[in-house]
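The structure under discussion appears below in the form of structure tokens.
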Amino acid sequence: MKIQKVIKCKVVCLTNVKRELLTQEYENLQRFLYGDNSVKLYSANKQQAERFYKRVKPDKEYPLSIRKDLIKVGKRDTKIAKYWARIPVAGRRGGVWVAIKPHQDIPDDVEICESKLFRRGSDFYLHLTIQKEIDFVKVETSDYVLYAPPSFTVSERTVVMAIDIGEANPIASVELWGFGMQRKNVRFLGREVRTIRAHYNWVKKSVGRKKIKHALKWIKERIEHKESRKVADVLHKATRSIVDRAIELKQLGFEPIIVFGNLKGVRKLKGKVRCRKNNRKVHTMPSFKIKHMLLYKALWAEIPVATVNEAWTSKQCWRCGSTNTVVRKRMFKCRDCGLEYNRDLNGSVNIGNRLLGYMLRSRADVNQPQTPPVYSVPISDSVCEGRSHPFNGW
Ligand SMILES: [Zn+2]
């Protein structure tokens with residue numbers, strides 16, 4: 001399967017001529033989007049704009065989308081920069097080569113895909129989309145979705161990194177070793193998200209109290225933008241550390257698999273089609289972001305990932321399976337076996353065990369020869385036996 005990733009790069013050390021060319025192309029794109037067809041714009045960039053921006057909002061700048069066959073990235077270790085990118089612009093054959101500074105190294109064995117050029121203030125940024133082929137397949141059953149190499153099976157070297165995604169503890173993770181017999185390395189990550197959200201809710205409220213109606217919408221948008229950037233930053237770090245741990249386990253010779261719960265039909269709302277606004281809300285929900293980040297970061301590092309239906313995982317006792325339980329604040333208590341546990345961790349253990357259950361069951365189906373059912377024992381054998389009976393001779 002193919003897996004994509006975006007690398008953010010800052011365009012650095014622009015000469016005046018190059019800056020002029022980029023600015024011109026970028027501003028002409030904005031004019032073109034507002035209906036001015038006479039502007040000079042590189043023809044392929046124009047086509048891209050027509051393809052992508054069907055509805056254009058006023059007071060918004062749109063990035064220049066560059067077709068994959070037109071962008072080129074080169075590694076040239078010059079004094080100025082390690083990487084260079086070619087951006088197609090009108091009025092200069094072969095485009096313009098600019099120095100870029102990516103937030104991480106660009107691997108050699110990847111394919112460069114459609115990328116975007118943004119402008120923030122007076123700086124330009126290039127969001128490069130890179131793609132690579134990994135030897136993974138997606139297996140979807142009614143119980144789980146699995147992204148793994150075709151030969152993937154659960155063995156004694158498998159470490160299930162089970163993750164519960166929630167509100168108070170965005171990520172509660174536990175490692176299940178030895179077919180779920182041992183639980184190790186409990187971690188709670190991303191808790192700062194709550195403080196950030198609380199802070200910005202307070203800011204929004206206090207803005208609302210001051211009666212500056214004309215500025216309100218603008219302020220609100222800016223605050224929301226800042227908030228979601230900060231939340232995303234925390235979540236990036238948290239998901240990164242999960243994937244880094246998986247990479248570490250892999251290097252030690254174990255076979256890690258990351259598993260988290262997935263509510264079926266989260267994106268559908270009881271038969272109704274969600275409107276765009278609601279859709280945006282779902283996509284900005286931290287839980288959605290976490291799942292998305294985990295999936296893509298893990299697959300890029302070639303770590304298997306699975307999702308299981310998380311229904312009942314928070315209410316069921318992981319030790320005895322009873323649903324006769326009490327969940328109060330962060331505590332989980334089982335009325336049947338007396339287990340007292342952290343509520344989110346109980347969820348993660350259940351999620352991990354659920355996957356192990358499914359995987360072990362399917363492994364049993366495939367690999368182990370089944371004892372044939374009684375009725376399939378060949379009848380002729382018993383006939384033989386009968387014939388050999390001393391009294392059968394006559
Ligand atoms: Zn119990």
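So what is the relative contact order for region 35-122, in percent, with contacts set as C-alpha pairs under 8 Å and at least six apart?
After rounding, I find 30 percent.
Taking the alpha-carbon distance from Lys116 and a cut-off under 16 Å, which aspartates and glutamates remain once sequence neighbours fewer than 8 residues away in the same chain are dropped?
Answer for Lys116, where 16 Å is the Cα cut-off: Glu25, Glu27, Glu50, Glu61, Asp69, listed by chain and number.
To one decimal place, what Kirkwood hydrodynamic radius in Å is obtained for region 127-198 from all pairs of distinct Cα atoms?
After inverting the pairwise mean of 1/r, the radius is 15.3 Å.
Counting C-alpha atoms alone, how compact is region 62-195: give Rg to one decimal and Dmax as a whole number, in angstrom.
Final numbers for Rg and Dmax: 21.9, 67 Å.
Using a 1.4 Å probe on the protein chains only, how many percent of the accessible area of region 2-133 belongs to carbon and sulfur?
47 percent
Nothing charged except the Cβ atoms of Lys and Arg (+1) and of Asp and Glu (-1): what's the magnitude of the dipole of region 137-367 about its Cα centre? Round to the nearest 20 debye.
2080 debye
Working from the pairwise distances between different alpha carbons, so that the mean of 1/r is found and then inverted, what is region 34-95's Kirkwood radius in Å? Working shown, then result.
On the way: mean 1/r = 0.0732 Å⁻¹.
That comes to 13.7 Å for region 34-95.
Order the following by accessible area, largest value first: Phe124, Phe118. Probe radius 1.4 Å; ligands, DNA and RNA are ignored.
Sorted descending by solvent-accessible area, the residues read Phe118, Phe124.
Would you rank Tyr358, Tyr34, Tyr26 by solvent-accessible area, highest first, keeping every protein chain in place and using a 1.4 Å probe?
In descending accessible area the options line up as Tyr34, Tyr358, Tyr26.
So how far, in whole Å, is the C-alpha centre of region 304-324 from the one of region 1-67?
Centre-to-centre (Cα) distance: 47 Å.
So how do Arg187, Arg361 rank on accessible area, 1.4 Å probe, biggest first, that is with the largest at the start?
Reading off the accessible areas and sorting them downward yields Arg361, Arg187.
Counting heavy atoms of the protein chains only and a 1.4 Å probe, report the per residue accessible area for region 137-367 as a whole number of Å².
58 Å²
Can you check how the C-alpha radius of gyration of region 137-367 compares to 2.2 N^0.38 Å, as a plain ratio?
In units of the globular-protein estimate, region 137-367 measures up at 1.13.
What accessible area, in Å² to the nearest ten, does a 1.4 Å probe give for Phe179?
Looks like 80 Å² after rounding.
Roughly how much of Trp312 is accessible, in Å² to the nearest 10, using a 1.4 Å probe?
Here the residue's solvent-accessible area equals roughly 150 Å².
In Å², what does the accessible area per residue of region 2-133 work out to with a 1.4 Å probe?
Value returned for region 2-133: 58 Å² of accessible area per residue.
Gain in length, Val326 to Asn309, computed as 0.36 nm per residue apart minus the alpha-carbon separation, to one decimal in nm?
My answer for the length gained is 4.0 nm.
Taking θ as phi - 60°, what are the ³J(HN,Hα) couplings along region 87-92 by the Karplus curve (6.51, -1.76, 1.60), each to the nearest whole Hz, with x for Gly and Pro?
10, x, 9, 6, x, 9
The values are calculated or read from the model by the stated rules, or taken from the named source; none is laboratory data. Here the structure is a predicted model, which means the values were calculated and not measured. FYI the Cβ positions are ideal-geometry reconstructions off the backbone, even for glycines, and counts take in every protein chain you see. Heads up: the accessible areas ignore ligands, DNA and RNA and are worked out on the full protein's heavy atoms, side chains in. Shrake-Rupley method; radii C 1.70, N 1.55, O 1.52, S 1.80 Å.
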